[in-house]
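S.K.: Let me begin by handing over the structure; questions about it come next.
Just so it is clear, none of the values below were taken in a lab; they were calculated from the coordinates. Fair warning: this is a prediction, and the values are worked out from it, not measured in the lab. Virtual Cβ from ideal backbone geometry, glycine too; neighbours counted across all protein chains shown.
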Amino acid sequence: MKWVLILLLTGLAANFYFAGTTDTIVETSNDLDSLKSLEPKSYYMLEGQLVHTILNRYHYKQIKLNDSLSSIIFDRYIESIDYGKNYLLESDIKSFEQYRYTLDDRLKDGDVLPFYDMFNVFLFRMRDQIIYTDTLLSKEFDYTIDEEYLINRKDALWAKSRTELNDIWRKRVKNDALNLKLNDKEWEEIQKNLKKRYENYSRILTQYNSEDVFQLAMNSFTASVDPHTNYLSPITSDNFKIDMSLSLEGIGARLQVDDGYTKVVEIIPGGPAFKSKKLHPDDRITAVAQGEDGEFVDVVGWRITDVVQLIRGPKDSVVRLLLLKYDKGLDSEPVELILVRDKVKIEDQSAHSSTVNIMHNGKSSKIGVITIPKFYIDFEAKNKREKNYKSTSHDVKELLNELIDESVDGMIIDLRNDGGGSLEEAIRVTGLFIEEGPVVQVRDMEGKITVDNDLDPEIVYDGPLAVLVNRFSASASEIFSGAIQNYGRGIIIGENTFGKGTVQNMINLNRLTSGKGFKLGQVKLTIAKYYRIDGSSTQRMGVIPDIVFPSYVDAIDFGESSEPNALKWDKIESTDYELFSELVSIIPELKKLSEQRRETDSEFDYIREDIEEYKKSIKNNFVSLNEDVRRIKKEEREEKRFQRENERRKIKGLKLLDKGEIPPEDEKINNDPYLIESAHIITDFISLSIG
């Protein structure tokens with residue numbers, strides 16, 4: 001699911017029957033009989049009107065809540081409750097069509113009843129499918145049949161009947177069972193595991209409440225305007241920094257639920273997950289185990305708060321996760337990740353330095369690397385006028401001086417996976433590399449443009465500079481890298497950045513009404529837009545590197561440009577600024593030299609192979625349900641990993657491994673080919689500049 005509605009699962013539902021559906025919703029006698037229709041609370045009319053008024057008056061974009069936007073809201077709502085088309089029938093969707101062009105008028109009046117009507121139909125459709133899965137697990141599947149399961153049903157047609165939907169679910173459950181069987185589980189254990197999994201779905205069904213549906217309805221509205229405008233219910237607002245923020249105390253990650261899977265959204269700098277370098281955004285957590293030998297608990301279908309509770313634990317204790325990796329298909333073998341729980345400390349989130357030593361054209365070079373996980377500042381200490389308050393600019397300045405004392409030949413600022421942070425600090429860090437001048441422009445909803453400048457004429461480091469970015473570099477990272485590129489101060493290397501060029505603010509709805517006896521939520525809305533000093537917006541486009549590295553992540557699938565309702569890219573007038581240096585003439589030669597190196601680098605061969613395989617797997621949404629076919633593919637993947645490990649070890653002069661042998665801890669090879677190649681590019685830059 002491309003867009004995140006905080007705290008809500010894709011796959012919500014409820015109890016309303018439309019005359020005209022071809023398959024009647026069956027009221028069955030089981031543990032789910034307590035399931036009831038959900039209804040809006042009386043004050044939701046007022047709250048809905050307030051949300052509409054705020055967006056209409058204060059959003060950066062001029063909003064027209066008309067039939068056209070109503071249709072977008074309708075589609076987004078249907079997508080959010082049944083993204084995978086696993087529950088609703090074609091007849092249900094046809095019945096819902098009566099609301100497609102009326103939601104605009106309803107929302108203006110604060111009438112959210114249509115959202116509850118649709119939600120309730122979905123709730124009971126979901127219940128029926130969960131009941132059906134129980135019958136599928138009564139006997140083991142036949143894995144010799146040649147049939148396929150469509151993993152991603154986003155673009156599939158809606159099922160026309162319960163019979164067709166049941167067959168979809170038969171294949172879904174069979175695929176779940178086959179995945180476990182391929183991981184050496186016996187039928188009895190598979191049966192027990194999957195029964196628990198779908199019992200979790202049953203439990204979730206009975207936990208949804210009226211507030212959940214209202215939040216989903218409001219977010220279908222707000223996210224149809226732009227992806228960074230959201231409604232937060234009172235519970236979401238109150239717990240934003242605890243459970244409901246999806247913040248995992250203990251490992252340092254933010255999660256969302258995507259079609260039953262717990263998916264990693266963000267890695268918190270400084271936490272165990274960040275330090276491991278093995279957990280990434282878009283990884284899916286399928287199971288959790290306690291300690292070094294505890295039994296894995298399947299968490300597919302769990303509520304996010306329950307997953308959080310399971311991963312939490314005492315400091316220094318071990319938690320193990322089973323992951324479906326972001327760069328592999330959903331049919332891939334889960335990877336085990338062992339983490340030691342710890343608290344995320346501010347010092348661990350700080351910028352830090354290292355050096356890369358390379359042999360380049362027969363000569364040794366030493367390149368300094370400063371990694372900035374986020375742009376941070378201790379506002380409280382600053383407001384108290386403390387002299388040495390914690391901030392990115394203070395830390396980076398100190399690290400630069402230390403590396404200068406080490407006589408490094410050049411510098412790399414590593415902004416990979418830096419999601420942003422303080423705009424003020426992005427400006428100040430830019431100022432460490434340039435004389436005073438403009439860094440970013442901000443335009444508000446009225447068209448007023450403010451230019452934010454670096455006011456300090458001092459340049460801390462004026463030597464060869466590169467900035468390493470990836471698709472997860474966003475916001476403040478894009479402001480810094482964009483300014484460095486515009487000034488010709490350094491070379492931008494890596495992947496196209498995220499493309500978030502908007503500014504948000506929070507509005508508490510409780511401050512807008514004197515109502516008593518109820519508590520309202522908050523609205524986070526877009527109020528302004530960032531522009532580079534050359535007038536180009538970072539919105540959607542991001543920062544395009546001077547030298548582009550191969551990437552698993554496609555802009556179509558991830559980043560601002562993947563959001564259909566994201567604000568558009570545009571351009572305003574350039575500010576006045578003086579170039580630090582003219583790099584345009586040298587970049588083509590740097591690209592050529594880098595491409596030649598990468599063509600003969602085995603690590604980049606591996607990367608290109610993996611990217612090609614990943615893109616093939618994404619295009620092919622079907623997976624075989626034949627055990628022999630799947631087992632052969634699994635064995636091929638394992639053989640490929642084994643051969644690669646030995647190829648690396650041969651290059652490093654290490655002893656080759658036997659099949660199944662695990663390398664000693666001190667011999668594990670941890671390559672960062674992107675960073676190493678960036679060091680070579682900087683060294684080329686130095687050579688060409690001298691020449």
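S.K.: Could you order peptides 626-637, 387-398 by the average number of other Cβ atoms within 10 Å of their residues, highest first?
M.R.: The most tightly packed comes first, giving 387-398, 626-637.
S.K.: Okay, moving on. In terms of Cα to Cα distance under 17 Å, which lysines are near enough to residue 278, apart from those fewer than 8 places away along the same chain?
M.R.: Within the straight-line limit of under 17 Å, residue 278 reaches these lysines: 263, 325, 328, 668.
S.K.: Ranked from highest to lowest mean number of other Cβ atoms within 10 Å per residue, what is the order of the peptides 369-375, 597-603?
M.R.: Answer by packing, highest mean first, reads 369-375, 597-603.
S.K.: Whole-Hz Karplus ³J(HN,Hα) for the stretch 579-590, in order, using 6.51 cos²θ - 1.76 cosθ + 1.60 and θ = phi - 60°, x for Gly and Pro?
M.R.: So the Karplus estimates, Gly and Pro as x, are 4, 6, 7, 9, 9, 4, 6, 8, 4, x, 5, 5 Hz.
S.K.: Return P(r) of the chain (all Cα-Cα pairs; 10 Å bins starting at 0; whole %; ordered from short to long distances).
M.R.: The distribution over the chain is 3, 13, 23, 25, 20, 12, 4, 0, 0, given as percents.
S.K.: Picking from 617, 642, 198, whose Cα lies most toward the positive end of the charge dipole for the chain (charges on Cβ: Lys, Arg +1; Asp, Glu -1)?
M.R.: It is 198.
S.K.: How far, in degrees from 0 to 90, does helix 44-58 lean away from the longest principal axis of the Cα atoms of the chain, to the nearest 10?
M.R.: The answer is roughly 30 degrees.
S.K.: When the Karplus curve 6.51 cos²θ - 1.76 cosθ + 1.60 is applied with θ = phi - 60°, which whole-Hz ³J(HN,Hα) does each residue of the stretch 157-174 get, with x for Gly and Pro?
M.R.: After applying 6.51 cos²θ - 1.76 cosθ + 1.60, I find 7, 5, 4, 8, 8, 4, 4, 5, 5, 5, 5, 4, 6, 4, 5, 4, 5, 4 Hz.
S.K.: Taking the chain as the reference, fit the longest principal axis to its C-alpha atoms, fit the long axis of helix 673-690 to the helix C-alpha atoms, and give the angle between the two in degrees, 0 to 90, nearest 10.
M.R.: 30
S.K.: If every alpha-carbon in the stretch 621-691 counts as one equal scatterer, what log10 I(q)/I(0) does Debye give at q = 0.14, 0.19, 0.21 1/Å?
M.R.: One equal scatterer on each Cα of the stretch 621-691 leads to -0.69, -0.87, -0.93.
S.K.: Amide H to amide H under 5 Å from residue 265: which residues, 5+ apart in sequence or cross-chain, H placed 1.01 Å off N in plane?
M.R.: Answer set, sorted by chain and number: 254, 255, 256, 282.
S.K.: Could you tell me how far the Cα centroid of the stretch 100-135 sits from the Cα centroid of the stretch 412-446, in Å?
M.R.: 44
S.K.: Hey, what angle do you get for helix 476-486 against the long axis of the chain, alpha-carbon based, 0 to 90 degrees rounded to 10?
M.R.: Orientation of helix 476-486: about 40 degrees from the principal axis.
S.K.: List the residues whose amide H sits under 5 Å from the amide H of residue 410, counting only those 5 or more places along or on another chain, with H placed 1.01 Å from N in the peptide plane.
M.R.: So residue 410 has HN proximity to 368.
S.K.: Could you tell me what percent of the DSSP beta bridges with both partners in the chain are antiparallel, to the nearest 5?
M.R.: 75
S.K.: Can you give me the long-range amide H partners of residue 491? Hydrogens built in the peptide plane at 1.01 Å from N, cutoff under 5 Å, separation of 5 or more residues or another chain.
M.R.: Here 465, 466, 467 satisfy the definition.
S.K.: If you don't mind, another one. Which entries of 382/529; 390/500; 374/592; 64/516 show an alpha-carbon separation above 28 angstrom in the structure shown?
M.R.: Long pairs (Cα-Cα over 28 Å): 374/592; 64/516.
S.K.: From the cross-link list 366/640; 615/655; 185/640, which pairs have alpha carbons spaced over 26 Å apart?
M.R.: Correct reply: 366/640; 615/655.
S.K.: Have a look at 399, 110, 587 and report the one farthest towards the positive end of the charge dipole of the chain, computed about the Cα centre with Cβ charges (Lys/Arg +1, Asp/Glu -1).
M.R.: 110
S.K.: Treating the beta-carbon of each Lys and Arg as +1 and of each Asp and Glu as -1, no other charges, what is the dipole magnitude of the chain about its Cα centre, to the nearest 20 debye?
M.R.: 1080
S.K.: Something else about it: Under the rule of -39500 (n - 2.57) per DSSP H run of 4 or more residues, summed and divided by the residues of the chain, what mean residue ellipticity at 222 nm is obtained, to the nearest 500 deg cm²/dmol?
M.R.: Value at 222 nm, helices only: -11500 deg cm²/dmol.
S.K.: At a threshold of 8 angstrom on Cα-Cα distance, excluding pairs fewer than six apart, so keeping six or more, what relative contact order does the chain reach in percent?
M.R.: 13
S.K.: Another question about this same structure. Taking θ = phi - 60°, what integer Hz values does the Karplus form 6.51 cos²θ - 1.76 cosθ + 1.60 yield along the stretch 634-651, in sequence order, with x for Gly and Pro?
M.R.: Per residue, the Karplus-derived 3J(HN,Hα) values read 5, 5, 5, 5, 5, 5, 5, 4, 4, 5, 5, 4, 6, 5, 5, 5, 5, 4 Hz.
S.K.: Based on the alpha-carbon gyration tensor of the stretch 31-233 and its eigenvalue square roots a ≥ b ≥ c, which shape applies: rounded if a/c is under 1.5, prolate if not and a/b is larger than b/c, or oblate?
M.R.: prolate
S.K.: If packing is taken as the average number of other Cβ atoms within 10 Å across a peptide's residues, how do 199-205, 142-148, 186-192 rank, most packed first?
M.R.: 199-205, 186-192, 142-148
S.K.: Arranged by the count of other C-beta atoms within 10 angstrom, fewest first, what order do 507, 493 take?
M.R.: Going from least to most buried by this count: 507, 493.
S.K.: Can you check what the net charge comes to around residue 377, using other residues whose Cβ is under 11 Å from the Cβ of residue 377 (Lys, Arg +1; Asp, Glu -1)?
M.R.: Once all neighbours under 11 Å are counted, the net charge is -1.
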